[in-house]
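The values are calculated or read from the model by the stated rules, or taken from the named source; none is laboratory data. Because the structure is a prediction, the values reported are computed rather than measured. Here the Cβ positions follow ideal geometry from the backbone for every residue, glycine too, while neighbour counts run over all protein chains shown.
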Amino acid sequence: MPFLELLLLAFSMAMDAFAVCLASGSLPQTQGARPTFRLSFHFGLFQFIMPVLGWMAGTRIAPVTKNYDHWVVFGLLGFIGCRMIYSALNGEENHSTDPSRGLTLVLLSIAVSIDALAVGMSLGLLGIFVWYPAIFIGVVTGVLSLVGLRLGSRLGSRFGKSVEIIGGLVLIAIGAQIVISSLL
């Protein structure tokens, strides 16, 4: 696979993670080195793992998941986005909405990398060895996630709760966009 194609693929795969990190970076729970590392590392890791799993699964799983995977992603992103909006409107700052911990971190990681599963299946069908593209996609996603978190942190400290509300709306919009593109 030519480098330019791989670079474009990696950036397109990382955009969901970047947008989620931009929204999450505004939250007080994601401030600091540990939450920043957890989010960027897990998003990069899952973006690496999903193409490999897709490549291994090949065409056996694609027909089974293609009918509902977009709804699962929409549900996950919508749920987390609604919780962010609710928290911002009610002035709540509890750790249950921390996107850098526990089940929320895993669900977000899966949600932003589910499209990489399809990319891995496509690479397998094209006969392209998956390891180099998967590593490259994972590293680019990790770096862009870090940038998104830093930028979101600056915006969050400047604009406060309104950024958290916008972040929740962005997550819901990403989920809706995935559903719409899957249905069309």
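Figures for the structure shown
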item: Residues located in segment 128-156, provided they are among the hydrophobic types (A, V, I, L, M, F, W, C) and under 24 Å from L27 (Cβ atoms); result: V140, V143, L144, L146, V147, L149, L151, L155
item: Qualifying residue in segment 61-73 (condition: within 14 Å of the chain's Cα centre (by Cα), surrounded by fewer than 20 Cβ atoms within 10 Å (Cβ to Cβ) and at pLDDT below 80); result: yes
item: Leading residue by the ranking (surrounded by the most Cβ atoms within 10 Å (Cβ to Cβ)) among those in segment 28-49 that are touching a helix residue (DSSP H, G or I) at 6+ places or on another chain (Cβ under 6 Å) and among the small types (G, A, S); result: G44
item: Wholly within segment 92-184, helices (runs of 4 or more DSSP H) carrying at least 3 residues that are more than 23 Å from D69 (Cα to Cα) and modelled with pLDDT of 85 or more; result: 131-159
item: M84 modelled with pLDDT under 80 and either touching a Cys at 6+ places or on another chain (Cβ under 8 Å) or under 20 Å from G54 (Cα atoms) (or both); result: no
item: Residue list for segment 131-140, restricted to those being within 17 Å of A14 (Cβ to Cβ) and surrounded by fewer than 23 Cβ atoms within 10 Å (Cβ to Cβ); result: Y132, I135, F136, V139, V140
